Structures are given as structure tokens and as C-alpha cells.
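Shown next, in C-alpha cells, is the structure this report addresses.
What follows draws every value from the coordinates through simple rules; no lab data is involved. Only a predicted model underlies this, so the values are computations on that prediction, with no experimental measurement involved.
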Amino acid sequence: MQDAGNRFEDAAQRVLPQPEVVPQRLHSAMRYAVLDGGKRVRPLLVYAAGEVTHADGDALDRAALAVEFVHAYSLVHDDMPCMDDDVLR
């Protein structure tokens, strides 16, 4: 499972814009929301299912990224002022 975690981190680093690319504030926030910690249970489940079904690695990367990006979006959206406006998770 450690390999799956590393694989996900590498894939996320590749697809997310670098923080120095304009608009810098947006790209830094995107990277923070996705890359700053977490257990990565959802991507690990994607990779585990792919191992059982012998799925293509690139397809698994895309699926794992999609699942984790949607999850990160839901956390960011929940913390907006129009929702609970919480500063702590």
C-alpha cells in the first residue's frame, strides 16, 4: 500500500499546476487542499480495486486523482463562509 500512496503523490504532483504559475494564489491553494496531509484512503481503495481487476496503471492514477480531488473540493466547499465557515477541520 505504501507504493500506492507514493504513486498517488507522484501523480498529483504531475497534474497539479506548480504554485509559481499564474494565478499563483489559486494554484497554491489547490496544491495545499490536495497535497497537505491526509491518509489517502480513497486513492488506496482505487489502487486496491485496480490490483484485483488488473486495471491499467494510468487509468488507476486518473481515477484515484479524480476521487481525491472531489473529496478535497468537498472539504474546501464545506469550510467556505456560506457553509460552516470553520477555521479548523
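To the nearest 10 degrees, how steeply does helix 57-78 sit against the main Cα axis of the chain, on a 0 to 90 scale?
The answer is roughly 20 degrees.
May I ask for log10 I(q)/I(0) of region 15-70 at q = 0.14 Å⁻¹, from a Debye sum over the Cα atoms as equal point scatterers with solvent left out?
-0.45
Work out how much length Leu75 to Asp3 would gain on full extension: take 0.36 nm times their residue separation and subtract the Cα-Cα distance, in nm to one decimal.
Result: 23.4 nm gained on full extension.
Please tell me the relative contact order of region 2-78 in percent, rounded to the nearest whole number, where contacts are Cα pairs under 8 Å and at least six residues apart.
It comes to 33 percent, rounded to a whole number.
As I understand it, the value is the acute angle between the Cα axis of helix 2-15 and the longest principal axis of the Cα atoms of the chain; what does it come to in degrees, rounded to 10?
Relative to the chain, helix 2-15 is tipped by roughly 50 degrees.
Counting each DSSP H run of 4 or more residues in the chain as -39500 (n - 2.57), what helix-only mean residue ellipticity at 222 nm follows after dividing by all residues, to the nearest 500 deg cm²/dmol?
Only helices count here, giving -22500 deg cm²/dmol.
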